[in-house]
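All remarks here apply to the structure that follows.
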Amino acid sequence: MSGHSEKLRFIVNGAIFAALTAIMAQIEIPLPIVPISGQTLAVGLTATILGSRQGAVAMIGYAALGAVGLPVFAGFSGGAQVLAGPTGGYIFGFILTAFVTGYTLEKTTFSLPMAIVANMVGMIITLVCGTFQLKFVLDMTWSQALTAGVYPFIAVGLIKAFLASWIGITVRRRLIQARLIKGDTPSAA
């Protein structure tokens with residue numbers, strides 16, 4: 001495959017997963033400050049399927065689409081004010097989460113057990129990034145920020161980490177077999 005085709009595939013895959021994240025962001029359970037949404041599941045899927053570099057680029061694309069005002073964030077919101085607001089830290093955290101989750105899998109193995117570990121680490125990264133911005137933007141105490149930005153998301157985050165791992169590893173193997181993404185020949189792990 002030529003370098004031009006590789007670059008095009010990289011861009012197309014990133015755009016597809018940025019769009020998937022935008023769609024899944026609209027699946028939400030409203031909470032007082034930070035909603036539970038499908039965004040974090042999409043981030044885990046993106047990293048598990050695409051890996052570190054392409055996953056992070058997809059999340060940068062997602063954040064950029066929202067920053068220019070497209071309604072891709074939870075609740076069909078968009079604009080730089082969302083990124084600067086109480087929940088913006090979570091969105092910035094998606095970029096780091098996608099990179100670290102994908103990198104962990106690249107340096108170990110794309111297997112279900114390792115994907116679960118990598119996605120749990122990713123969940124923690126997203127929650128830490130989100131909680132820092134939440135605390136400072138709303139001038140909360142650490143206790144208040146943890147109560148609003150971490151505790152309600154732990155149980156659902158563990159479920160999402162498992163789902164992102166299971167679905168992500170399965171889809172990744174199928175995409176490699178179809179030669180739609182690069183990767184090692186999938187094992188039966």
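For the chain, what does -39500 (n - 2.57) per DSSP helix run (n ≥ 4), summed and divided by total residues, give at 222 nm, in deg cm²/dmol to the nearest 500?
Taken over the chain, the calculation gives -23500 deg cm²/dmol.
So, by mean Cβ neighbours within 10 angstrom, what's the order for 57-64, 104-111 with the highest one leading? The partial results should precede the final answer.
Details: 57-64: 22.6, 104-111: 17.1.
Ranking the peptides 57-64, 104-111 by packing returns 57-64, 104-111.
Using a 7 Å offset from the Cα along the Cα-to-Cβ direction at both I167 and K7, what is the distance between the two label points in nm, to one decimal?
Going from the I167 label point to the K7 one covers 3.3 nm.
Indicate the helices, whole DSSP H runs only, in the chain that combine a mean Kyte-Doolittle hydropathy of 0.5 or more with a Cα extent along their long axis of 30 angstrom or more.
Long hydrophobic helices here: 3-24, 112-137, 154-177.
Pull out the extension gain between Y151 and I27, defined as 0.36 nm times the separation in residues minus the alpha carbon to alpha carbon distance; nm, one decimal.
Full extension from Y151 to I27 adds 42.7 nm.
Of the options P35, F92, G102, report the single residue whose Cα projects farthest towards the positive end of the charge dipole of the chain (beta-carbon charges: Lys, Arg +1; Asp, Glu -1).
The residue sitting farthest along the positive end of the dipole is G102.
At a 10 angstrom cut-off on C-beta neighbours, averaged per residue, how do the peptides 10-18, 78-86, 159-167 rank from highest to lowest? Kindly include the intermediate steps, with their values, before the conclusion.
On the way: 10-18: 17.8, 78-86: 15.9, 159-167: 19.3.
Ranking the peptides 10-18, 78-86, 159-167 by packing returns 159-167, 10-18, 78-86.
So if each residue of separation counts as 0.36 nm, and I subtract the Cα-Cα distance between L112 and A84, what length gain in nm does that give?
Working: separation 28, 0.36 × 28 = 10.08 nm, distance 3.53 nm.
Gain on extension, L112 to A84, equals 6.5 nm.
Each reported figure results from applying straightforward, stated rules to the coordinates on display, with no laboratory input. Computed from a prediction, not measured in an experiment: that's the story for all the values here. Here the Cβ is made from the backbone with ideal geometry for all residues, glycine too, and neighbour counts use every protein chain on show.
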